[in-house]
Amino acid sequence: MRPSDEGASSDVRASEGAVLHDTPQAAIVAACEAYLDLHGDSYLGVGWTKSQAEVDRRYEVMLDVVRETDADVSLLDFGCGLSHLHEHIRRTGRAGLRYAGLDVSEKFLAASRAKFPETPFYDVDVLEHPDDLPGFHYVVLNGVFTLKVHNSYDEMWSYFTKLVQAVFAKAERGIAFNVMSKQVDWEREDLFHVPFDALASFLTAKISRHFVIRHDYGLYEYTVYVYRQT
């Protein structure tokens, strides 16, 4: 599942009239499934807008977290949605990169498994059942933290910090994730805009001092790489 970017249309915001549950994760899943119901298997169906070119740019930035160029590397696409990252990897070629997906939405998992029956997919809530998820060299979370729907900033921040810590525990080498930037002309209330300082303080105190902030690829977001060591 993937939420919308800064330029998203307002046709599927928040809950689409559905009953929202009492966790940030459930609200985000409901919103993303509404995109799927409306747009089907496309980048619109996972909540991205603008163009396929912008979506591909995100994929390349996410994959740049992997430092190795020719080694056998395992990668978990956390919040894989329709596994479009897997399709991008197959189109562009990444030698030695072994892909696996994870999502808590049965709708997205069913679609991904139908397209890629040979690919491992996990239906695991890592906050509730961390032992059910194996480890990987790298984990990427593309779009998992850009939408907050009806949740307050504090509720989303709490969810974000808990999930990043849980996911980093499963990454042998590093993780990548994106959030909405504060360096914009205006902010949408249903998106998760995170200040650099707050993020850096959290990462340094709870995760790792070895991180890179990517704000150089022209979108209304930024991507962070967090490594176990330099």
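Figures for the structure shown
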| item | result |
| --- | --- |
| Whichever residue in segment 157-197 is within 19 Å of TYR227 (Cβ to Cβ) and among the polar types (S, T, N, Q) and, among such residues, is surrounded by the most Cβ atoms within 10 Å (Cβ to Cβ) | ASN178 |
| Count - residues of segment 167-213 that are touching a His at 6+ places or on another chain (Cβ under 6 Å) and of a type in the set (D, E, K, R) | 4 |
| Test: residue in segment 90-99 that is β-branched (Val, Ile, Thr), modelled with pLDDT of 95 or more and touching a Phe, Trp or Tyr at 6+ places or on another chain (Cβ under 9 Å) | no |
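Here's the yes/no breakdown for (1) in a loop (DSSP other than H, G, I, E, B); (2) within 17 Å of PRO120 (Cβ to Cβ); (3) in contact with an Asp or Glu (Cβ under 7 Å, 6 or more places away or on another chain); (4) not β-branched (Val, Ile, Thr):
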{"residue": "ALA26", "(1), (2), (3), (4)": "no, no, no, yes"}
{"residue": "ASP37", "(1), (2), (3), (4)": "no, no, no, yes"}
{"residue": "ASP70", "(1), (2), (3), (4)": "yes, no, no, yes"}
{"residue": "LEU75", "(1), (2), (3), (4)": "no, yes, no, yes"}
{"residue": "ALA95", "(1), (2), (3), (4)": "yes, no, yes, yes"}
{"residue": "VAL104", "(1), (2), (3), (4)": "yes, yes, yes, no"}
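The values are calculated or read from the model by the stated rules, or taken from the named source; none is laboratory data. Keep in mind the model is a prediction, meaning the values are calculated, not measured. Note that we place each Cβ from the backbone using ideal geometry, even for glycine, and neighbour counts take in every protein chain shown.
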